[in-house]
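The values are calculated or read from the model by the stated rules, or taken from the named source; none is laboratory data. Just so it is clear, the structure is predicted and the values come from calculations on it, not from any experiment. Please note: Cβ atoms are built from the backbone with ideal geometry, for glycine as well, and neighbour counts cover all protein chains shown.
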Amino acid sequence: MSLKHRTAKGIGWTFASQVTRLVVTFTVTAILAHLLSPRDFGLMAMVVVFMNVFLVMNDMGLPAALIQKKEITEEHISSAFWLNLAEGLVLTGILALLSPVIAGFYGRSALTAIVLVLSTTLFISSFGMIQLALFSKDLDFKLPAVAEIISVVLSGGVAVAMAYGGSGVWSLVGQAVSYSVLLAALLWFMSGWTPKFIFRWSAAWELLSFGLHLMGFGLVNYFNRNLDNLLIGKFEGAATLGFYNLAYRLLLFPLQSISTVIGRVMFPALSTIQDNKEKVRQGYISANRYIATITFPLMTGLAILAPQFVRVFFGIKWDRSIFLIQVLAFAGLFQSVETTVGWLFQSQGRTDILLKWGIFSAVVCAGAFGIGLLWSAEGVAVAYLIAELLLLWPTLWLAFRLIDLRVSRFMRRFLTIALATAGMAVVTLGVRLALEKLVKAGDLVTLLISAAVGGVTFVLLLLALDRPLVRELAAIPRLVASRAEVPLSEPLVEEEV
């Protein structure tokens, strides 16, 4: 099977997996939102701010380095595994020791035990990271998709069962721990690879020269993405953070469920053809058009229908999140494309530039958050959006220099999608207002009808404006289900000749 079709098939599997995960995660979150309080979510968010710093460091960029490196040996793989496992154990110990410090930072002693339990996931997840990297390098995404679906479904069941039993915030802790255990175990047994008792510093350093820059960017980027949560939790309290965190998690849906997931396929695919700039440009633009076709209407529709969405799925007690969701939805729309520049920096082996730009971006966002905090969580959300808009063009320009791509050429390929989204927005808002003001329909009816009409409008407009793109997307499910090669109307990633 050609690289182009393996890439398309990989995107199909990862997308199918993520849609399932998205549905399950959203359903579980909606159930937990009724069973738990905003304070419970806020407490978990306080811990996650610190917890994820350690998660970023937990692989030292070694899995990505294995994927990017053209030729690897058993020495590279086993050395990476043992180094990664040792780091997971060390980080677990450090986080456990810091648990009272983290609790003291927020002035909440109950956080100590939560941090202690969650710290174990650092070591547990280390058992499956290299196996997942090997799957990715081979562009084999079927088995990892199955493992992730099983893990998210069972861990969601654990959370709901604990919440019904009155476990409060511990329901969220149980979900995180059980997910880590299940995913690591499944990846270990599905991969067919087990580590050899081999460790060579020379092999490890070959990978670390790439991976440490990537880890550094991960830390800076995490600081950038979580400073808002940290400031709100510190100065506004758990309840306000709970409202903001709900909106922020919805912002992350298109990033975690679409852009990042497709990136899991595109990074190894683009690494394979890293020396052929034209093929990289073609593949990068095509993949981003796929992403925008989903995220542009999804996040725009979420912003328009946020009042009904929140009241139907989370309840009236979450009304303060409505404005936050509307603002952050547009930030998520732009980020769904902007964050994909990481594929280029990584596949071209320039994680050093990625790190430097990440530091600059973090400084800009930190200043914006500090100003926005004067107006509580709502001010921080607006500051977030403004900072993203200011950074969008220079971020694209810097990354596109690596593959000789003009930002204007890239932007033109999104014109039809943007026009279809704009038309959908007008129709969706009109239907929503008509149902609210004239028909006096309830929130559920308004949400369902408005979303359905908006979705149909977007598809019809896109068919009229960009039929080849619609055919391309329609071919992917058939490709996933078939062993034969399904014709693709435009190049995704083509084999280098």
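Quick notes on this one:
- For segment 403-426, a residue qualifies if it is charged (D, E, K, R) and assigned to a helix (DSSP H, G or I), and the qualifying residues are Arg409, Arg412.
- Complete set of residues in segment 364-388 that are of a type in the set (A, V, I, L, M, F, W, C) and under 19 Å from Gly342 (Cβ atoms): Val364, Cys365, Ala387
- Only one of the numbered conditions (1) more than 25 Å from the chain's Cα centre (by Cα); (2) surrounded by fewer than 19 Cβ atoms within 10 Å (Cβ to Cβ); (3) assigned to a helix (DSSP H, G or I) is violated by Met162, and that is (2).
- Filter result for the condition that a residue is out of contact with any strand residue (DSSP E or B) (no Cβ under 6 Å at 6 or more places or on another chain), surrounded by 20 or more Cβ atoms within 10 Å (Cβ to Cβ) and without any contact (Cβ under 8 Å) to a residue 40 or more places away in the chain, over Ser180, Ser171, Ser155: Ser155
- Within segment 390-408, the only residue that satisfies the criterion of being modelled with pLDDT under 90 and either of a type in the set (Phe, Trp, Tyr) or surrounded by fewer than 18 Cβ atoms within 10 Å (Cβ to Cβ) (or both) is Asp404.
- Any chance Ile322 is β-branched (Val, Ile, Thr), assigned to a helix (DSSP H, G or I) and either over 18 Å from the mean Cα position of the chain (by Cα) or modelled with pLDDT under 85 (or both): yes
- Helices (runs of 4 or more DSSP H) wholly inside segment 1-114 that include at least 3 residues being in contact with an Asp or Glu (Cβ under 9 Å, 6 or more places away or on another chain) and modelled with pLDDT under 75: 3-35
Every residue, every condition in (1) acidic (Asp, Glu); (2) surrounded by 14 or more Cβ atoms within 10 Å (Cβ to Cβ), yes or no:
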residue: Phe410; (1), (2): no, yes
residue: Leu415; (1), (2): no, no
residue: Ala420; (1), (2): no, yes
residue: Asp443; (1), (2): yes, yes
residue: Leu462; (1), (2): no, yes
residue: Pro468; (1), (2): no, no
residue: Glu472; (1), (2): yes, yes
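- Residue in segment 295-313 that is touching a helix residue (DSSP H, G or I) at 6+ places or on another chain (Cβ under 6 Å), under 30 Å from Asp138 (Cβ atoms) and not aliphatic (A, V, I, L, M) present: yes
- Residue that is surrounded by the fewest Cβ atoms within 10 Å (Cβ to Cβ), among those in segment 115-152 that are of a type in the set (Gly, Ala, Ser) and not in a helix (DSSP H, G or I): Gly128
- Helices (runs of 4 or more DSSP H) fully within segment 196-313 counting 1 or more residues that are under 20 Å from the mean Cα position of the chain (by Cα): 201-235, 238-254, 260-272, 277-304
- From the options Leu187, Leu231, residue that is closer than 29 Å to Thr351 by Cα and either hydroxyl-bearing (Ser, Thr, Tyr) or at pLDDT 85 or above (or both): Leu187
- Selected residue (only one of Asp443, Asp466 is modelled with pLDDT of 80 or more, within 18 Å of Ala306 (Cα to Cα) and not hydrophobic (A, V, I, L, M, F, W, C)): Asp443
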